[in-house]
Every structure is written in C-alpha cells, then in structure tokens.
Amino acid sequence: MNEASVTRGLVKSLNTLPGAVVLRFSGAFVAGIPDIAVVWNGKTTWLEIKLVKKHGIIDRGIQRLMLKKLALQGSAFYVIYAACGNKEVFIVEPKNLESWETRYVRFSVGFDHKFVANFIRLLHEGERHDCV
C-alpha cells in the first residue's frame, strides 16, 4: 500500500458525489498543488493526502504553505491515513498539521474513503467542521 493507491481509492469514492468534479494532481510539474480538488455544489475543497507508516508525515514546505493559503481563502484539508498500528483516517486543518493526532476535524477507524466523501458532502451542503 502506498499513497498513490490510497489516493486512487479516495478519488473513486469522491466520484460518487452526484455531479461533483474531482480533479487529481500528481507529478513533478504540480509540486505544491494539493493532490485532489473537489468542486461540487458551488464550493471547492482542496485535499492533500498523506499516508503515515512509521516515520511520521513527510511534507514539503511548499505543500504546507500552499494548503494554508488555500484554507485562508476557502476550504483545504490534509487527509491523513495512519497505517501505524490500527488503520485510521484523520481530516486535519493545515494549521493543525503538527498536532494532527489530537487536533483533527474528523476521525474514523479504518481506511474509510466513504467517510471522507461524506465529510465533503456535508461540508459542501453547509455543515460546520469545528476541530476537536
């Protein structure tokens, strides 16, 4: 399992949102641009996917800076798939990346892509996403 396979699974679940435009960005030419943009119901959300195994989150400074800028202007989150011990998924605001295990917006046991897609659905339908 790698970050690309996790991202593919998430894109597949996001594509179940009726009428959503889901864009995936990858490769050297898009350095700093988050992995996924979801445009749906008049809103855009940017997602940066991270797969954490043993050594914590590997994050380039340009990714962190861009996600923080996007979050200030709209909606942007890290989606962190933790594979150390139990499989879990955390949705985290960029400003809370350093303390993602305790300062997350949503959390689920298992690599549940439908959970993330449902979060996007609720967010784009107007639900608040206060951090714990």
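Remarks
- Residue within the range 102-118 that is under 20 Å from residue 3 (Cβ atoms), surrounded by fewer than 13 Cβ atoms within 10 Å (Cβ to Cβ), of a type in the set (Asp, Glu) and out of contact with any Lys or Arg (no Cβ under 7 Å at 6 or more places or on another chain) present: no
- Among the residues of the range 2-35, the ones that are part of a helix (DSSP H, G or I) and in contact (Cβ under 8 Å) with a residue 12 or more places away in the chain come to 10 in all.
- Any chance residue 38 is under 14 Å from the mean Cα position of the chain (by Cα) and either among the charged types (D, E, K, R) or in a helix (DSSP H, G or I) (or both): no
- Among residues of the range 112-125 that are at negative phi, those with a beta-carbon under 7 Å from a residue that is among the hydrophobic types (A, V, I, L, M, F, W, C) and in a helix (DSSP H, G or I) at least six positions away or on a different chain give the pairs 113/10; 116/10; 117/14; 120/14.
- Flag for residue 98 being outside any loop (DSSP other than H, G, I, E, B) and either in contact with a helix residue (DSSP H, G or I) (Cβ under 8 Å, 6 or more places away or on another chain) or at pLDDT 95 or above (or both): no
- Among the residues of the range 86-101, those identified as loosely packed, with under 14 Cβ neighbours inside 10 Å and of a type in the set (S, T, N, Q) are 86, 99.
- If the condition is being among the acidic types (Asp, Glu) and buried (at least 17 other Cβ atoms within 10 Å of the Cβ), then the range 33-85 contributes 35, 48.
The values are calculated or read from the model by the stated rules, or taken from the named source; none is laboratory data. Quantities reported herein were computed from a predicted structural model and do not represent experimental measurements. Positions of Cβ are generated from backbone atoms using ideal geometry, with glycine treated the same way; all protein chains shown enter the neighbour counts.
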